[in-house]
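Reading through the structure tokens given below for one structure.
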Amino acid sequence: MNTYKKFFIKTLILMLTVPIIIAIIALFASNYFIGKEIIRYGESQMVQKWMTQKKQASLELSKKGPKIVILSGSNTLYGVNAMKIEKETGVQTLNYGLHAGLGPYIFYDAKRILKKGDTVFIPLEYCYYEDNYEINNLPSTLVEYTIGYDNSYYRQLPIKSKLKILAYLVRLDSLAAISKTIDNEYKLSPRGDAIDAFETDKKYSKKAKPEEIKVKKLTNKYKKWELYKFIQWCKENDIKIYAIAPNVYHKKNISKEEQKSFDEIKKFYNLVGVKFIGKFEDGFFDLKYIYETNYHLNIDGQDIRSDYFIRKIKHELKNNH
Amino acid sequence: MLFNSWEYILLYVPIVLSVYFLLNKKHLITASTVWLVCASLFFYGYLNPTYLLPLILISICFNFAVGSGLNNLTFNSKISKRALLTFGIVCNLALLGYFKYMDFFITNINGLLHCDLSLLHVILPLGISFFTFTQSAYLVDSYQGKTKEYDFLNYALFVSFFPHLVAGPIIHHAEMMPQFERLKNKFINWKNLSEGLFLFLIGLFKKVIIADSLAKWANMGFDSTSPLSCLEALSSLLSYTFQIYYDFSGYTDMALGISKMFNIDLPQNFNNPYKAIDIQDFWRRWHMTLSRFLRDYLYFPLGGSRKGNVRTYVNILIVFFICGLWHGASWMFIIWGTLHGLASAINRLWQRTNIELPRWLSWIITFSFVNFAWIFFRAKDLAVAKNMIKSLLGLNGFAVPKIYGVTIKYLPHISNIADWDTISLFLPPLLILVIFIGFFHKIPSNLKPTLCYSILMITLFILSMFKVLSPEYTSSFIYFNF
């Protein structure tokens, strides 16, 4: 029996110490292979292509002067025609819609392209308010993107997040995602707009259901959100920031539950002193304007949405003068 | 609380185990039992205490009272004792019926009578099918005088003991109560502790690494909106076949392992079921405690095979119909159960011919049938099942998934790799692993306190915990739904 006692205690101690040693070694080694384009997951390859193109566009615009940046997930990528907005408003505009699955990363990344005097519109997808992203909140798209392409983002993460990312690497199902298909190679305009989403996808429209919006009640924890920190950073760096509703497939009427959610979002922006432009309903679109997911507009939808932006931007410019 | 959550593995089990043995070491035997009951109730009510705790507490108290009544009270006539048993069983079934089958019943009434009765949307309480069956068996045995007078605390522990509470194995009072009462079992046993931990880690590995990985491919096929090719459907179906086995047997190993650490032996639930060479053999190897319950408390009382051939076949069909229904309130489960019933009846008929098939052929027929039947178990409706069968028959083509390497910078870059191609990459080695691990359940009893076993245990722990702690990992057990 004594042998088993020794065996059990020894095994238990090793079970606790070995993972710690492995974690320390992995944390050290990971700085040299995470985000260095060594392991590339399918979807993140696409995101990287967008990102590179949009950053290049941003660099060129910044050389010329202040710009408008429309920042969010892919609802902006498909929903906004920055070329048209620029033409109509006379202010250089960049579509910085990426992928809502990147979660808090879009705020980190936006800091790289925003300059003093710029204006940023944030038509964030509702998941940004549902999940209230904090630094340790890591959606899988973000994990995959970080592993593939952003070493500096990885390095600044807290240890807990780094460990989560490393744990993701050894998941068998994550290996499957490495070789995932890039279904479409979307074409982007020089201002970062998706320009080939012509008509509603039939497969999608057969099963499409309007989005149901549900946001948690606002608590004091909002100061930990990356969105809050981003807003503060914008203010400190003389960057104007406006909140606006995202474009989404939605029925016209709003349920009580949804109204509560909208009130919570507005409450947040009031607390942090950010102007919310327009109404949530302004972002609601009928199925005929949707491309292939609830947040992606087709070309007709994009046109309507861009006109809306033009009106709102012109109005804000007039007010500021 | 889930067996595969870090809270359970790193906090709950160590705390419950330490306090339990500490109290016993100080000879606070009753306090240790109270502690274990409370810890089990905490485990059960972790997610929704106000909903779940009253339910299980009422069920325990009610069944204990009825069981004691059946044991102790001297009834003047046999009929009144029978009435008490009937009352007890009806109440248990009513509880199960309300929580599990009410909405299913209303949906069917609406469909049949073209009316519009509103659904109750009752949330299925965890483990209700398991603790209802366990306690119904206790009532039947009390009626038959097979139980003795149990202590309430031990009875409450028997029902609520957390390792088996939410997904079995379905335990029997006769094998469990003596273990709870035995004083020797109250003290730490290092051999059991080691073997229990080993078994738990094997179960964790089976669930987290094998079952959860296979789930991705099973879901990809069964939830697919586009038609699958024959090989895609076959890969998906095989993935589900092994997913459900490793999910449930992984859970059972974890339950058995943790229980063993408390010096309590739970009954085995699996014995390499996919090695079965006929359908009766399959049911002697798959969810063995459910088969035992259905045999002892349904098949035998119905007359078993003692009332002639026709009645035997009818009894088999009834048992499997109930077996299907027990798994869930859906026609798909009923179809699955009935298919197994028909197969058992055919198997019985075949046995009467005295023709013996080669062993390998029997295995192929049995395994193919079991796979086929899982389609109905997994598909959410008949349309999905029909599509899957169509795909398996090759009516949607036979496209072979391409085998490609992993897209890593230093390997040749290959773009446009479909998700299904990854199946061809990972499924064969995974299935080999899966078959190999099928023999694992024999190892814990052979555990040697050597460095090799230590290393094996640490490896299982690290691999599983890596996955448990990775982002967005949430995975419940399939049998939690039943």
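The values are calculated or read from the model by the stated rules, or taken from the named source; none is laboratory data. In this text the structure is predicted, and so the values were computed from the model without any measurement. So basically every Cβ, Gly included, is an ideal-geometry build from the backbone, and we count neighbours across all protein chains shown.
Beta carbons closer than 8 Å, at least 6 apart along the sequence or on distinct chains, pair a first residue in the stretch A:28-40 that is closer than 12 Å to A:Ile165 by Cβ and within 13 Å of chain B (Cβ to nearest Cβ) with a second that is of a type outside the set (Gly, Ala, Ser) and in a loop (DSSP other than H, G, I, E, B) for A:Gly35/A:Asp150; A:Ile39/A:Phe33; A:Ile39/B:Lys409.
When B:Phe282, B:Phe248 are checked against the criterion of being closer than 23 Å to B:Asn4 by Cβ and crowded, with 20+ Cβ neighbours inside 10 Å, a single residue qualifies: B:Phe248. Pick out the one residue from A:Leu98, A:Leu71, A:Leu77, A:Leu102 that is under 20 Å from A:Asn247 (Cβ atoms), crowded, with 20+ Cβ neighbours inside 10 Å and at pLDDT 95 or above. Among A:Leu98, A:Leu71, A:Leu77, A:Leu102, only A:Leu71 is under 20 Å from A:Asn247 (Cβ atoms), crowded, with 20+ Cβ neighbours inside 10 Å and at pLDDT 95 or above.
Does at least one position in the stretch B:62-81 carry a residue that is within 24 Å of the chain's Cα centre (by Cα), in a helix (DSSP H, G or I) and hydrophobic (A, V, I, L, M, F, W, C)? For the stretch B:62-81, residues within 24 Å of the chain's Cα centre (by Cα), in a helix (DSSP H, G or I) and hydrophobic (A, V, I, L, M, F, W, C): absent. Taking the criterion of being loosely packed, with under 15 Cβ neighbours inside 10 Å and either among the basic types (Lys, Arg) or free of Cβ contacts under 8 Å to residues at least 12 places away in the same chain (or both), the only residue of the stretch A:283-306 that qualifies is A:Lys288. For the stretch A:1-15, enumerate the residues that are surrounded by 12 or more Cβ atoms within 10 Å (Cβ to Cβ) and either among the hydrophobic types (A, V, I, L, M, F, W, C) or touching an Asp or Glu at 6+ places or on another chain (Cβ under 7 Å) (or both). Listed by number, the residues that qualify are A:Phe7, A:Phe8, A:Ile9, A:Leu12, A:Leu14, A:Met15.
Could you pull out the residue among B:Ser194, B:Ser160, B:Ser142 that is touching a Gly at 6+ places or on another chain (Cβ under 9 Å) and crowded, with 23+ Cβ neighbours inside 10 Å?
On the way: B:Ser194 fails: touching a Gly at 6+ places or on another chain (Cβ under 9 Å); B:Ser160 fails: touching a Gly at 6+ places or on another chain (Cβ under 9 Å).
Exactly one residue qualifies, and that residue is B:Ser142.
Would you confirm, using the coordinates I've provided, whether B:Asn309 is farther than 24 Å from B:Ala167 by Cα and surrounded by fewer than 19 Cβ atoms within 10 Å (Cβ to Cβ)? When the stated conditions are applied, B:Asn309 passes them. Out of curiosity, is A:Leu59 surrounded by 20 or more Cβ atoms within 10 Å (Cβ to Cβ), of a type outside the set (Ser, Thr, Tyr) and either out of contact with any helix residue (DSSP H, G or I) (no Cβ under 7 Å at 6 or more places or on another chain) or part of a helix (DSSP H, G or I) (or both)? Against the criterion (surrounded by 20 or more Cβ atoms within 10 Å (Cβ to Cβ), of a type outside the set (Ser, Thr, Tyr) and either out of contact with any helix residue (DSSP H, G or I) (no Cβ under 7 Å at 6 or more places or on another chain) or part of a helix (DSSP H, G or I) (or both)), A:Leu59 does not qualify. Under the condition of being in contact (Cβ under 8 Å) with a residue 60 or more places away in the chain and within 20 Å of B:Asp296 (Cα to Cα), the residues counted in the stretch B:168-184 number 7.
Criterion first (hydroxyl-bearing (Ser, Thr, Tyr) and farther than 10 Å from A:Tyr249 by Cα) does A:Tyr269 satisfy it? Break it down into steps so the answer makes sense when it comes.
On the way: hydroxyl-bearing (Ser, Thr, Tyr): yes; farther than 10 Å from A:Tyr249 by Cα: yes.
Judged against the criteria, A:Tyr269 is a match.
Every test in (1) among the acidic types (Asp, Glu); (2) outside any loop (DSSP other than H, G, I, E, B); (3) over 17 Å from B:Ile375 (Cα atoms) is passed by B:Asp265 save one, and that test is (2).
For the stretch A:4-26, residues that are more than 20 Å from B:Thr450 (Cβ to Cβ) and out of contact with any Leu (no Cβ under 7 Å at 6 or more places or on another chain) total 6. Looking only at residues of the stretch B:122-149 that are aliphatic (A, V, I, L, M) and assigned to a helix (DSSP H, G or I), we find that the one that is farthest from B:Arg295 (Cα to Cα) is B:Ile128.
Taking every residue in the stretch B:336-361 that is under 21 Å from B:Ala373 (Cβ atoms) and pairing it with any residue that is exposed (fewer than 14 other Cβ atoms within 10 Å of the Cβ), at least 6 positions away or on another chain, yields no pair with a Cβ-Cβ distance below 6 Å.
Filter the stretch A:41-52 down to the residues that are away from every other protein chain (no Cβ under 14 Å) and surrounded by 15 or more Cβ atoms within 10 Å (Cβ to Cβ) and list them by number. Selection gives A:Val47, A:Trp50, A:Met51.
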